[in-house]
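Asker: What follows is a single structure, and I will ask about it in a moment.
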Amino acid sequence: MLDALFGTDGIRGTTEFTNEHRSRKLTPELALRIGQAVRAAIIGRDPRISGMMLEAALTAGLLSQGLDVLQAGVIPTPAVAYLTRHLGASLGVVISASHNPVEDNGIKFFGPDGYKLDDALEDRIQSLVLDPARAFIPRDTRQLGRSRPAPELAEAYVDYLVRSWRGKRDLSRASPWCWNVLTAPRPSSRRRSSDGWGPGWTSSTATPTASTSTRVTNT
């Protein structure tokens, strides 16, 4: 386990576990403890193959503590920041190492205001995760959280970009793909969850309603 979690931009490490020259290992066991220690509602990631492993471990930790999770899938980091604020989520998580090599990965957090966490909250998360005496007890069966893929979140972010752009920017030099996305007609309906959710969710909007005071596990 790492001697310190947070660097200048979230939690970074290697998923190349056999590389003895890299001491900062970002393992599924660590991701599980991080999920148990925080109160997140939205998880997004980049296309790295290790992202699926870390997402599964984070989600397992969150579900074990009774948290419901929307899995946004592969999505830009700013999208999770926007969606966390837009949906009123207690915390958003991005699994990404930006431009770094494929064997690297990272876990970034956004608060309910859409901004990165302050140092005090990062220190609190770190103390919980790295405390060897801290045991996270799973909730009883009927109190476990639920998760589901939420591809509609990417569409909501595109809608936000289109609304922000229309009539305000000259994108005549944008790539054809970007131009097609921004000028395409937007559908009037959205896919919604209809299977029902546990406490903290509304089935009509699939919006988490967790309090911002529950972003970190209580001791």
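The values are calculated or read from the model by the stated rules, or taken from the named source; none is laboratory data. This structure is a prediction, so every number in the text was calculated from the model and none was measured. Neighbour counts are summed over all protein chains in view; Cβ atoms, including those assigned to glycine, are modelled from backbone coordinates with ideal geometry.
Asker: If you go through the range 40-47 one residue at a time, do you hit one that is buried (at least 17 other Cβ atoms within 10 Å of the Cβ), in contact (Cβ under 8 Å) with a residue 24 or more places away in the chain and more than 16 Å from the chain's Cα centre (by Cα)?
Answerer: No.
Asker: Could you tell me which residue of the range 84-99 is farthest from Pro112 (Cα to Cα), considering only residues that are among the hydrophobic types (A, V, I, L, M, F, W, C) and more than 10 Å from the chain's Cα centre (by Cα)?
Answerer: Ala97
Asker: Looking at the range 25-59 only, could you name the residues that are touching a strand residue (DSSP E or B) at 6+ places or on another chain (Cβ under 9 Å), among the small types (Gly, Ala, Ser), part of a helix (DSSP H, G or I) and over 15 Å from Ala135 (Cα atoms)?
Answerer: Hits for the range 25-59 are Ser50, Gly51.
Asker: All but one of (1) out of contact with any strand residue (DSSP E or B) (no Cβ under 8 Å at 6 or more places or on another chain); (2) within 19 Å of Arg85 (Cα to Cα) hold for Asp140; which doesn't?
Answerer: All conditions are met except number (2).
Asker: Please specify each residue of the range 84-121 satisfying the condition of being farther than 12 Å from Ala41 by Cα and either outside the structural domain of Glu55 (by TED's automatic domain parsing) or part of a strand (DSSP E or B) (or both).
Answerer: Ile95, Asp104, Asn105, Gly106, Ile107, Lys108, Lys116
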